[in-house]
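To keep things clear, I will list the structure first and then write my remarks on it.
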Amino acid sequence: MAIAHDYLTQRGGAERVVLAMLRAFPGATVHTLLYDPDGTFPEFRDARVVTSSLDRIGPLRRNHRLALPVLAPAASRMTVDADLTIVSTSGWAHGFDVRGRSLVYCYNPARWLYQTDEYLGDVSALSPQAMAVRVLGPALRRWDRRAAGRHDRYVAISSVVRDRIRTTYGVDADIIFPPTVVSDLGGREPVGPFDAGFHLLVSRLLPYKNVDQAVAAFARLPEERLLVVGRGPEEDRLRRTLPDNVALVSGVSDDQLRWAYAQSAGLVAPSIEDYGLTPLEAGAFGKPTLALRGGGYLDTVAEGLSGLFFARPTAEDISDAVLRSRETVWHAEAIVRHGEQFSEERFRSRLVSAAEDLLSA
């Protein structure tokens, strides 16, 4: 058994899923382009991790976006020799030279290649990011589609991702929902300047996550408070815009994240997501979610039961949802029960079954 993953340089939802895969397949070797032990979850230190030659270049481990021009050739040279490889990817690991059977667990076809405007946000057409996509995009889309055609089976994380896989690659994929890994079990450590009752936003700080609109929404609601947990390229710009009732913290531990969920009034989720993992994490604590109506949230948020939707990722719509939530009676037990269908046990059972089916075919 082997697990292939794009890069292990962050503490995000995809990296949590890889840890769940390791628990499902103990002893599997992880193959990845870049590995930053200090930047990702410490549990990976207990696994055998094989990296590409790019990993010898320290700055690339700290910022994988710098490696964009060479990621495709580096991925093509990564050899994974196993009876079965679970390929955990949103763009690069399905390009590894995988020997034996392969099951691709796809978070989304590469967003920056196929949903470029959403990914880049309002950056200038002359920015380095936009120019890189314009220059490298056509060749990388050809490389990406060839890579997709080499695998035995695709699995999507949500309904919207299943549809994108069919549109992008012409492949029909089953759905296996990622597990809720952050639970109410474990220690709790306070984080941020607020006492209980604040709203929480947990996200990577990228343009398409719409964190700036959530900040603007709470600037319109001086009696409410918002704690933003995350890090990313937008961090410095966001910090310059924070009103007094909004705080931003990064590099939080699981104990701190548990405390933040437990002490919050609910989660704000304004981004365009391939899945809706954070609403399930909030739901483990009986907390409702205010989510953008679209993407993966349509699978994981039950309107009126575990959360409310708003139509547009604008300050006006988000602030209106906050006010509507304050007038809603939420039942923590019902929210927790809703999230139980996305448990790690169910994820492991379905993933192991898919692997066994592929090996016995």
For Pro243, state whether it is without any contact (Cβ under 8 Å) to a residue 60 or more places away in the chain, over 23 Å from Leu292 (Cβ atoms) and over 21 Å from the mean Cα position of the chain (by Cα). no
Any chance you could count how many residues in the range 141-198 are among the β-branched types (Val, Ile, Thr) and under 26 Å from Glu356 (Cβ atoms)? 9
Within the range 254-290, count every residue that is under 17 Å from the mean Cα position of the chain (by Cα) and in a loop (DSSP other than H, G, I, E, B). 7
Return only the number of the condition from (1) of a type in the set (D, E, K, R); (2) surrounded by 18 or more Cβ atoms within 10 Å (Cβ to Cβ); (3) touching a residue at least 24 places away in the same chain (Cβ under 8 Å) that Arg162 does not satisfy. (3)
For the range 195-238, which residues satisfy the criterion of being touching a strand residue (DSSP E or B) at 6+ places or on another chain (Cβ under 6 Å) and farther than 20 Å from Thr314 by Cα? none
Just to be sure I understand the filter: pairs with C-beta atoms under 7 Å, separated by 6 or more residues or on different chains, first member in the range 189-202 and of a type in the set (Gly, Ala, Ser), second member modelled with pLDDT of 95 or more and surrounded by fewer than 20 Cβ atoms within 10 Å (Cβ to Cβ). Which pairs pass? Gly192/Ala247; Gly192/Val249; Gly197/Ala265
If I ask for residues that are under 17 Å from Val17 (Cα atoms) and of a type in the set (Asp, Glu), which ones from the range 175-202 would you list? none
Can you list the strands (runs of 3 or more DSSP E) found entirely within the range 43-107 that contain at least 1 residues being free of Cβ contacts under 8 Å to residues at least 40 places away in the same chain and aliphatic (A, V, I, L, M)? 49-51
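The values are calculated or read from the model by the stated rules, or taken from the named source; none is laboratory data. What you are looking at is a predicted structure, and each value in this text was computed from that prediction instead of being measured. Counting neighbours? That spans all protein chains shown, and the Cβs are built from the backbone with ideal geometry, glycine included.
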